[in-house]
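The values are calculated or read from the model by the stated rules, or taken from the named source; none is laboratory data. Computed from a predicted model, the values in this text were never measured in an experiment. Note that each Cβ is placed from the backbone with ideal geometry, even for glycine, and that neighbours are counted across all protein chains shown.
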Amino acid sequence: MTSFADITTMGVGGEIAHFIEPTTRVGLIEAVEDADSKGLPLVVIGGGSNMLIADEPFNGVVVRDARRLITVPDEAAPVEGQDRTVHVNAEAGANWDDFVAFTVEIGLEGVEGLSGIPGTVGASVVQNIGAYGQEVATSVESVEVWDRETKTTRDLTPDDLHFGYRYSALKASMYQAPGVPAQEFFPTPRYVVLSVTFALTHSAQGTVGYGQLAKALGVEVGDRMDTKEIREAVLKVRAAKGMLEDPTRYALPAMADAKRENNILADLQRLSARNDASGIEPTEDGLPAPDYNRHSCGSFFMNPILPANQAANLPEDAPRFEAVLPNGEPGVKTSAAWLIDHAGCHKGFAVAADAPASLSTQHTLALTNRGKATAKDIERLARTVQQRVRDAFGIELIPEPVCVGVLGE
Ligand SMILES: Cc1cc2nc3c(=O)[nH]c(=O)nc-3n(C[C@H](O)[C@H](O)[C@H](O)COP(=O)(O)OP(=O)(O)OC[C@H]3O[C@@H](n4cnc5c(N)ncnc54)[C@H](O)[C@@H]3O)c2cc1C
């Protein structure tokens, strides 16, 4: 029986009563509609890289889209000097980094900075994934969805999607307030993504949009470089922070076809090279040893956006960026990683010396499963970090992952 532990990057979560992998568009809609019409709990899952699910058996339906086609519908690539937009369509189940690798390979600019983010194309628009100066929102032309309320398909435009920082109308449909699930649709949005059409630019060069990346490449922010070089640099910087998924997860039968084989092999080679450099032996079956810093949901807490009066109480050296509050008023974004570190929870922090869950030893913001953790262990760690930050700064950290049966009230 498949469990959430098998299909999530955190590697925790209970057994699943009904696990369905539709291979057609109609099959996907039918699986969702069938669960909804019977009133069964429903999780539409992608790569499971932004979900923390309870240890108890899940007595409902889990649907994972097994369609992974990526196509270029434009008949011919535009010529230089004319409109250089190229549309690429990807089915929701396509692995996100397969998509990025494909676009870079065929000479398109637009998503290279988002290399190495785990998960699927379908979920990329749910929380508007972002990294190194890029967000998926800027490349989305339209999103084809199944609307669970009206029971129709729709094409949503960026205007309909209301993209913001780790936010979209899809995500909003699951919550009544930040971090508070809405009764009706949680933990799967009202709109189930069927496919996404991207508008990318015909160019083998991209803009380096972020300081850390520019430093790694030895250039200035704003410089133009080959997208292939940008992609490799992003993967390197992410690896140094444990912010890639562990490619050894694709050895699990439940994950076998979820990513293109050539890309899994490339990821395994990169991990092997890192392990070799650190003197870490391969496992008995010849795979590189797993990297537990990557057994996470990435950043576990969102960067808080505070009203000006609350931000004024932050210590002088706390990071501050201009931002917009949910009510549309100007606010100040600070860094969750900074708050956690300055509340005394440093890299590698655990609730006890032998605890099976800890902060990543490479990144304060990632909660990690060191091999044998349960969802309860992750929850205990998360609550301890939240409490320390609350005590030190009076700020409530809100988890970024979709938490099911854990970290509720
Ligand atoms: C090591 C690591 C690094 C990360 N780095 C980043 C980063 O740099 N930037 C960033 O933004 N995120 C990052 N993340 C978080 C994660 O990769 C993204 O949120 C990703 O988009 C999740 O995709 P998924 O397919 O795994 O979604 P899942 O975890 O499977 O699902 C997340 C949510 O999306 C919903 N969903 C899934 N598929 C669909 C669909 N077809 N239609 C509608 N809803 C759907 C689910 O129901 C759920 O509510 C990181 C995670 C890890 C583990």
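Summary of values
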quantity: Residue match in region 215-223 (condition: at pLDDT 95 or above, assigned to a helix (DSSP H, G or I), in contact with a Lys or Arg (Cβ under 8 Å, 6 or more places away or on another chain) and not assigned by TED's automatic domain parsing to the domain that holds residue 369); calculated: no
quantity: Sole residue being within 22 Å of residue 30 (Cα to Cα), of a type in the set (Ser, Thr, Tyr), more than 9 Å from the ligand (Cβ to nearest atom) and without any contact (Cβ under 8 Å) to a residue 60 or more places away in the chain, chosen from 150, 157; calculated: 150
quantity: Positions within region 108-138 being more than 19 Å from residue 68 (Cβ to Cβ) and in contact with a strand residue (DSSP E or B) (Cβ under 6 Å, 6 or more places away or on another chain), in sequence order; calculated: 109, 110, 112, 113, 128
quantity: So residue 350, is it buried (at least 18 other Cβ atoms within 10 Å of the Cβ), at pLDDT 95 or above and more than 28 Å from residue 177 (Cβ to Cβ); calculated: yes
quantity: Strands (runs of 3 or more DSSP E) enclosed by region 92-208 - at least 2 residues per element that are under 20 Å from the mean Cα position of the chain (by Cα); calculated: 140-147, 191-202
quantity: Which numbered condition residue 68 fails, given (1) of a type outside the set (Phe, Trp, Tyr); (2) under 18 Å from residue 124 (Cβ atoms); (3) crowded, with 22+ Cβ neighbours inside 10 Å; calculated: (3)
quantity: Residue check, residue 39 assigned to a helix (DSSP H, G or I), surrounded by fewer than 20 Cβ atoms within 10 Å (Cβ to Cβ) and free of Cβ contacts under 8 Å to residues at least 12 places away in the same chain; calculated: no
quantity: Criterion: under 29 Å from residue 13 (Cα atoms), at pLDDT 95 or above and either of a type in the set (Gly, Ala, Ser) or near the ligand (Cβ under 10 Å from one of its atoms) (or both) - qualifying residue of 56, 91; calculated: 91
